[in-house]
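**Q** Below you'll find the structure I mean.
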Amino acid sequence: MPSYVRAGALPPKRHIQFRRPDGGLYAEELLSTQGFESLYSLLYHLRPPTATIDVRAWDRRQPALSPNEPLRNRHFKTAQIATPGDAISSRTPVLGNADITIAIAQFTQAAPYFYRNVRGDELLFVHRGSGTLETPLGNLDYRAHDYLVIPVGTTYKVQPAEPTRMLVYETSGPVQIPRKYRNDFGQLAEHAPYYERDFRAPVLQNPIAERGEFEIRVSGKERNAIYTVANHPCDVVGWDGYCYPYAFNVDEFAPITGKLHQPPPAHATFEAPGAAFCAFVPRLFDYHPLAIPVPYNHSSVDCDEVLYYVSGNFMSRRGVEEGSITLHTAGAPHGPQPGTVEESLGKKSTDEIAVMVDTFGPLQIAKAATECEDAEYYRSWLEAPAKT
Ligand SMILES: [Fe+2]
């Protein structure tokens, strides 16, 4: 979405005759969102993307989710999750509600099939690894600390070059750059913590003219299917528009810091229906002479806060490790653990990387999370008894 992109061969106007060298017509495809009312792209295929040989059921069941009962702050050591499979089949949901599913994916193998989420945009955060998203709009290389924004309806396949661990957010609508960062024309404003140059669009490849049988697994939460199509999905000779998958690496995020502690919205990266995303990256701490670098205790009384710990020294948080997820729930205050306020005084900077999503609907918990829960976490704010 960050800006208009065009790639490859295009006819001078949309919806007119555009012929292949052999005289046949290219097949134009409109990928549009929110009906015909929001972002869209126009693709030109060698052959129609509609040529469907077979559709069969895909038994991709959603895991059962349990309420956060008793309602409390929780810590899940998700580094312990190791579901085998590819980028799609290894996805292991840990938390979810009607707006969002949060999952862990770890994989070394490429999927032999394409995948398409038809319910909402996906936001992938690459914790470790590198590889390529192959899409009809081109290849999008990924590396550690990339956010990958994948619009609903994008057909893609993940080819890992290295073992890859991703945090997966499956949303129920568009993943967008917050309005506050954009001017009236959509351009990123001067005060935004990122700029159009920081976003990477797919690089269009030579069209694959293969015809045969190609599998596309289509997923829409409760509505799933396996399609077999006759034309390779990556047979596009050109496309243009605003709807395309893109990457943003949080190492490029220019965090907004201040004289006093900046609240999470200062670190916002993206937003989606019922969800707000933030990134905490290496940065200088607040510069008031009496500033307290770690956050104050807080109660976000009407949202659940899910922090995923990527790397660095998580100063305000005891007991977490790389890959930990903390769920700080509506209804329970949280803040620095005992002693960490004093320890933080005088510190000038942090090297931590963590990504967060706040959800406005209550999150439920999947079995995979319960199985790696540090069940004593909610007691971690207790001060040690005084020595007598
Ligand atoms: Fe918090």
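**Q** For segment 233-241, what does the Karplus curve 6.51 cos²θ - 1.76 cosθ + 1.60, with θ = phi - 60°, yield as ³J(HN,Hα) per residue in whole Hz, taken in order and with x for Gly and Pro?
**A** x, 9, 10, 8, 9, x, 7, 8, x
**Q** Hey, another quick one. Taking the simple approach of a point 7 Å from Cα along Cα-to-Cβ for both Arg6 and Asp141, what is their distance in nm?
**A** Roughly 2.6 nm, to one decimal.
**Q** Under 13 Å from a point 7 Å along the Cα-to-Cβ line of Ala291: which residues of segment 338-360 have their amide N that close?
**A** Residues 345-350 qualify, since their backbone N sits under 13 Å from the label point.
**Q** Let me ask something else about it. Under 10 Å, Cα contacts only: if you run a Gaussian network model on the chain, which one of Ala247, Ala82, Ala330 comes out with the highest mean-square fluctuation?
**A** Ala82
**Q** Just to be sure I understand: with springs between alpha-carbon atoms less than 10 Å apart, which residue in Gly319, Gly35, Gly274 has the highest mean-square fluctuation in the Gaussian network model of the chain?
**A** Largest GNM mean-square fluctuation: Gly35.
**Q** What number, in percent, do you get for the relative contact order of segment 296-388 if the mean sequence gap of Cα pairs under 8 Å and at least 6 apart is divided by its residue count?
**A** Relative contact order, segment 296-388: 37 percent.
**Q** Rounded to the nearest 500 deg cm²/dmol, what is the calculated helix-only ellipticity per residue at 222 nm for the chain, with -39500 (n - 2.57) per DSSP H run of length n ≥ 4?
**A** Mean residue ellipticity at 222 nm (helix-derived): -500 deg cm²/dmol.
**Q** Now for a different question. When the chain is treated as a GNM, springs tying every alpha-carbon pair under 10 Å, which of Leu43, Leu31, Leu345 comes out with the largest mean-square fluctuation?
**A** Judging by the Gaussian network model, the answer is Leu345.
**Q** Once phi is turned into ³J(HN,Hα) by the Karplus curve 6.51 cos²θ - 1.76 cosθ + 1.60 with θ = phi - 60°, what whole-Hz value does each residue of segment 135-141 show in order, with x for glycine and proline?
**A** 9, x, 8, x, 8, 10, 6
**Q** What residues qualify as long-range amide H neighbours of Arg182, i.e. H under 5 Å apart, gap of 5 or more or another chain, H built at 1.01 Å from N?
**A** Placed amide hydrogens put Ala189 under 5 Å from Arg182.
**Q** State the answer as a single residue: which of Gly186, Ala230, Gln109 lies farthest towards the positive end of the charge dipole of the chain, with beta carbon charges of +1 for Lys and Arg and -1 for Asp and Glu, about the Cα centre.
**A** Ala230
Every read-out reported here was derived from the displayed coordinates using simple, explicitly stated rules and does not represent laboratory data. It should be emphasised that the depicted structure is a prediction, and the values quoted were computed from it without experimental measurement. Quick reminder, even Gly has a Cβ in these numbers, built from the backbone with ideal geometry, and neighbours come from all protein chains shown.
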